[in-house]
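Inspection log for the structure reproduced underneath, given as structure tokens.
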Amino acid sequence: MEKKHVFELSSKYKRTIGTTLTHLDRVVCEFEEWAKGRQRRSVLYFESNDLSSSQCEALLAQVVEIRELLSELKSAFGLQEHVESVTQSIWSHCSSLWATLSEIDSKHLKGYGDAVPGFAEYWAPRGAEIEAHLDLVLNILRKR
């Protein structure tokens, strides 16, 4: 029987290792979803799941092996599960979208050259409408 290693790591080590391995675990969740056929489709975004059935099987096998290794590392390093609140994720996405949306006005885009005539007048109300929708999304999250 193989002896299990347990390490007493400093909080800085644990935080760094835990963050990286949690990110790996999150990515592995996506690998699993793609291997099970996930293919998101929206207006401007489309995932083309071009994995073959043999690739899906092999990918799922790797997911299992990576998770086994992650489980071992969790025990060895005394790592805690990271619970990601969907509400907090939506807040984060909205916040980053506000920042990038604010850069799609004619003033910010001037660095790429002059805007075509009528762009500012067309975009401004639509950008404001998108921001209003994001506000409504956050209002939904405020209600319990």
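Here, each number is a calculation from the coordinates, and none is a lab measurement. Quick caveat: nothing in here was measured; it's all calculated off a predicted structure. Reconstructed Cβ throughout: ideal geometry from the backbone, glycine too, with neighbour counts over all protein chains shown.
Can you put ASP25, ASP135 in order of Cβ neighbours within 10 angstrom, beginning with the fewest? Walk me through the numbers on the way to the answer.
Working: ASP25 16, ASP135 12.
Taking fewest neighbouring Cβ atoms as first place, the list is ASP135, ASP25.
Remind me, relative contact order of the stretch 11-77 in percent, using alpha carbon pairs under 8 angstrom and six or more residues apart?
On the way: 30 pairs, mean separation 23.6, N = 67.
Taking the mean separation of contacting Cα pairs over the length of the stretch 11-77, I get 35 percent.
Mind checking the full-extension length gain between LEU97 and CYS56? Use 0.36 nm per residue of separation minus the Cα-Cα distance, one decimal, nm. Let's see the in-between values first.
On the way: separation 41, 0.36 × 41 = 14.76 nm, distance 3.26 nm.
Difference between extended and current length: 11.5 nm.
Rg to Rh ratio, the stretch 11-77, alpha-carbon atoms and Kirkwood radius? Show your work: numbers first, answer last.
Details: Rg = 14.9 Å, Rh = 13.5 Å.
For the stretch 11-77, the value is 1.11.
Just to check, using Stokes-Einstein with a Kirkwood Rh over alpha carbon pairs, what's the diffusion coefficient of the chain at 25 °C and 0.890 mPa s in µm²/s? Before the final figure, lay out the partial values.
Working: Rh = 19.7 Å.
The diffusion coefficient I find is 125 µm²/s.
Any chance you could get the radius of gyration and Dmax over the Cα atoms of the stretch 86-142, in Å?
In order Rg, Dmax, the Cα atoms of the stretch 86-142 give 13.6, 41 Å.
Given the Cα-Cα distance of THR20 and HIS133 and 0.36 nm per residue of separation, how much length would full extension add, in nm?
Values: separation 113, 0.36 × 113 = 40.68 nm, distance 3.32 nm.
Taking 0.36 nm per residue and subtracting the Cα distance, the gain is 37.4 nm.
Which helices count as membrane-span-like in the chain under these terms: full DSSP H, at least 20 Å along the axis by C-alpha, Kyte-Doolittle mean of 0.0 or more?
Values: long enough: 11-35 (35 Å, -0.50); 53-77 (36 Å, 0.40); 86-101 (22 Å, 0.47); 119-142 (34 Å, 0.19).
What comes out of the filter, once short or polar helices are dropped, is 53-77, 86-101, 119-142.
Give me the lysines in straight-line cross-link reach of LYS12: C-alpha distance below 25 Å, same-chain residues under 8 apart excluded.
Of all the lysines, those that pass the test against LYS12 - Cα under 25 Å, at least 8 places apart if same chain - are LYS4, LYS74.
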